[in-house]
Structures are given as C-alpha cells and as structure tokens.
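This report refers to the structure that appears directly beneath it.
The values are calculated or read from the model by the stated rules, or taken from the named source; none is laboratory data. Remember, it's a predicted structure, so these values are computed and weren't measured experimentally. Cβ placement follows ideal geometry from the backbone for every residue including glycine, while neighbour counts extend to all protein chains displayed.
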Amino acid sequence: MKILLKSSFARISLLAVLLLIGSESFAQFGRGQQGFGGRGAYGYGRQRSTIPQAQEAPKKEEPQTAEQIVDGTMPSITEALQLNEFETAVLSSVLKKYVQERIEAQILKLPPEKMKEVYESITERQDEELRAGLPAEKYEAFVELQKNGVAKTIKNNKKKKKKRKKDKS
C-alpha cells in the first residue's frame, strides 16, 4: 500500500509540475489563445505595416525606336497637313530614316559643336528629300508645322475652314 501511495503521489506531483511548466511556456512564448503570430488583438509575431511595399523595382522604360516615334506622331501630322495616303507614306519613310540617324547621333555622345553640325546636315538632307517627295504646298505646310507645332497648325486649319464657310454664305 505504501508503494501505491507513493506512486499516486508521484503521479499527482508530476501532473502538477507539467501543468505549471505548460502554463509558464504558453505565457512566455505567446502560445496562449491565438498562437504565435496569430491575428488576435494582443497576438505576438510580425506586425503588419499600413504602408504598401513595392513588389518589384520599377522597370526602366526602354527608349523608343525611330519607327515607334514616327508612327506615334504621324496621325496628328496627317490630320494637320491633310495628307493623302501616298504623301503620308513618303513623309513617314523619310522621317523614320532621319529620326533613326538622329538617335544614332545621340548614342555617339559627340561634343556639342559637332552634334550641332551633325543635326544640321541631317536636317538639310531630310528637307531635300521631303522637297523632292511632297508637293510644294504640302512641303511648305510641313515646314510651318515644324515651326509652330501640330496643335497650333490644326487650330489654324479649323479657323481657315470657318472663314471659308462664312465667305461662302
């Protein structure tokens, strides 16, 4: 009987020690109600920031090719100058060629005075080709377009149309 009492006393004391150790570890390591890193009001673990974090570094934009630049501006130039399909094709091909040359000159990173000379020679050759490929009035309109800009040219064309309508009335 003494052995039986000793074993039951040992069992009870072992159970009490385990309960104390278990509750101590839950309190110390945050494994109580929500568990470690839980979403409870007092949970432990990594806290969430309200500031959004970028997933990836923003990608650098690749420079546009001459074809992309010209194709992007051709609809507005065509509208401003009122070009037909043939004139649009001629202007587009010439511009692509010389915009490409300008891009290549920029890549070379020449000194400013040399860059100016290169740009002037490119502009002269472009003007010669356009003069040969476009009718005189369309060429002159293109030169004016380069000086004034597309938006102003379109605005002036609309004003001219309104004046013509008033004169006809």
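Condition test on VAL99, is it more than 22 Å from the chain's Cα centre (by Cα) and of a type in the set (A, V, I, L, M)?
When the stated conditions are applied, VAL99 passes them.
Residue pairs, Cβ under 8 Å, 6 or more apart or interchain, first in the range 126-149 and in contact (Cβ under 8 Å) with a residue 60 or more places away in the chain and closer than 22 Å to GLU85 by Cβ, second outside any helix (DSSP H, G or I) and of a type outside the set (Lys, Arg). List them.
These pairs meet every condition: PHE142/LEU134.
From (1) more than 19 Å from LYS97 (Cβ to Cβ); (2) of a type in the set (A, V, I, L, M); (3) modelled with pLDDT of 70 or more, pick out the condition that doesn't hold for ALA54.
Looking at each condition in turn, ALA54 falls short on (3).
Would you mind stating whether ILE69 is in contact with a helix residue (DSSP H, G or I) (Cβ under 6 Å, 6 or more places away or on another chain), closer than 30 Å to PRO135 by Cβ and either part of a helix (DSSP H, G or I) or modelled with pLDDT of 85 or more (or both)? Please lay out each step first, then the result.
Values: in contact with a helix residue (DSSP H, G or I) (Cβ under 6 Å, 6 or more places away or on another chain): yes; closer than 30 Å to PRO135 by Cβ: yes; either part of a helix (DSSP H, G or I) or modelled with pLDDT of 85 or more (or both): yes.
Taking the combined requirement at face value, the residue satisfies it.
Considering the range 109-140 alone, what residues qualify as being under 24 Å from THR88 (Cα atoms) and part of a loop (DSSP other than H, G, I, E, B)?
Residues satisfying the conditions are LEU134, PRO135.
Would you please name the residue that is nearest to GLU144 (Cα to Cα), looking only at residues in the range 70-122 that are in contact (Cβ under 8 Å) with a residue 24 or more places away in the chain and β-branched (Val, Ile, Thr)?
ILE77
Of everything in the range 72-87, what is outside any helix (DSSP H, G or I) and either under 27 Å from the mean Cα position of the chain (by Cα) or buried (at least 16 other Cβ atoms within 10 Å of the Cβ) (or both)? Give them in sequence order.
Residue satisfying the conditions is LEU83 alone.
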